[in-house]
1. Being at pLDDT below 85 and under 10 Å from Ala13 (Cα atoms) is the filter here, so list the residues in the stretch 136-147 that pass it.
2. Please list, ordered by first then second residue, the pairs with beta carbon atoms under 7 Å, 6 or more apart or interchain, first in the stretch 47-65 and at pLDDT below 85, second of a type in the set (Val, Ile, Thr) and open to solvent by 50 Å² or more (accessible area, probe 1.4 Å).
3. Restricting to the stretch 13-46, name every residue that is of a type in the set (Asp, Glu) and either open to solvent by 40 Å² or more (accessible area, probe 1.4 Å) or modelled with pLDDT of 85 or more (or both).
4. Name the single residue, out of those in the stretch 52-76 being small (Gly, Ala, Ser) and under 16 Å from Ile135 (Cα atoms), that is farthest from the chain's Cα centre (by Cα).
5. Would you say Val10 is assigned to a helix (DSSP H, G or I) and at pLDDT 85 or above?
6. Considering each residue of the stretch 66-78, count those that are touching a residue at least 40 places away in the same chain (Cβ under 8 Å), open to solvent by 30 Å² or more (accessible area, probe 1.4 Å) and assigned to a helix (DSSP H, G or I), and give that number.
7. Working only within the stretch 110-138, note down all residues that are small (Gly, Ala, Ser), free of Cβ contacts under 8 Å to residues at least 24 places away in the same chain and open to solvent by less than 40 Å² (accessible area, probe 1.4 Å).
Amino acid sequence: MGIFNTLITVVAAITLFLFSLRGFSKELQELGADNLNIWLAKITKNRLSGFLLGAVITAIIQSSSAVSSIIVALVDSSVISFYNSLSILIGANLGTTFTAWLIAFKLDNLGSILLILGSVISIIPLKVRLVGKSIFYLGLILFSLQQISTTLKPLSNK
């Protein structure tokens, strides 16, 4: 792949990433930020449980960048306060150490799976449709991060 094609692909993936973050934030606001806000406030009220939440989510998703981006979107949509987000972000940094253990589970396609699952759920004409859209945008975030990583991997060998 030529430098120009690599550059275009990376810029497109970054644009997709930023678009998906904005869409995820918007869908969370529509989904009922109040319920999510109450749930996250309960968990992050105790710094230890917020820390563990960040570590577990990062270990599952295998990307502290994705978790950090999602937390930024949650803070942006006023679902979680900045102060409460700090313990999750610190836990996300610890969670990166556990990702090596989960590589054996081959969760590389998690973004693609969430994209498909979110699309199918968003077809349902009930309130669950909003959950499907949120899942779709979460999958889009993970998919775009994977696309950026895959595209830039050959450049690390040069």
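1. Ile141, Leu145, Gln146 - these are the residues of the stretch 136-147 that are at pLDDT below 85 and under 10 Å from Ala13 (Cα atoms).
2. Thr58/Thr96; Ser64/Thr96
3. Restricting attention to the stretch 13-46, the residues satisfying the condition of being of a type in the set (Asp, Glu) are 27, 30, 34.
Result: Glu30, Asp34.
4. Among those that are small (Gly, Ala, Ser) and under 16 Å from Ile135 (Cα atoms), it is Ala73.
5. Numbers: assigned to a helix (DSSP H, G or I): yes; at pLDDT 85 or above: yes.
Considered against the rule, which asks whether it is assigned to a helix (DSSP H, G or I) and at pLDDT 85 or above, Val10 comes out as yes.
6. Looking only at the stretch 66-78, we keep the residues that are touching a residue at least 40 places away in the same chain (Cβ under 8 Å), and these are 66, 69-70, 72-74, 76-78.
Then keep just the ones that are open to solvent by 30 Å² or more (accessible area, probe 1.4 Å); that gives 72, 76, 78.
Within this subset, residues satisfying the condition of being assigned to a helix (DSSP H, G or I) are 72, 76.
Final tally of qualifying residues: 2.
7. Gly118, Ser122, Gly132
The values are calculated or read from the model by the stated rules, or taken from the named source; none is laboratory data. Computed from a predicted model, the values in this text were never measured in an experiment. With ideal geometry, Cβ positions are generated from the backbone for all residues, glycine too; neighbour counts draw on all protein chains shown. All accessible areas refer to the heavy atoms of the entire protein, side chains included, with ligands and DNA or RNA removed. Shrake-Rupley method; radii C 1.70, N 1.55, O 1.52, S 1.80 Å.
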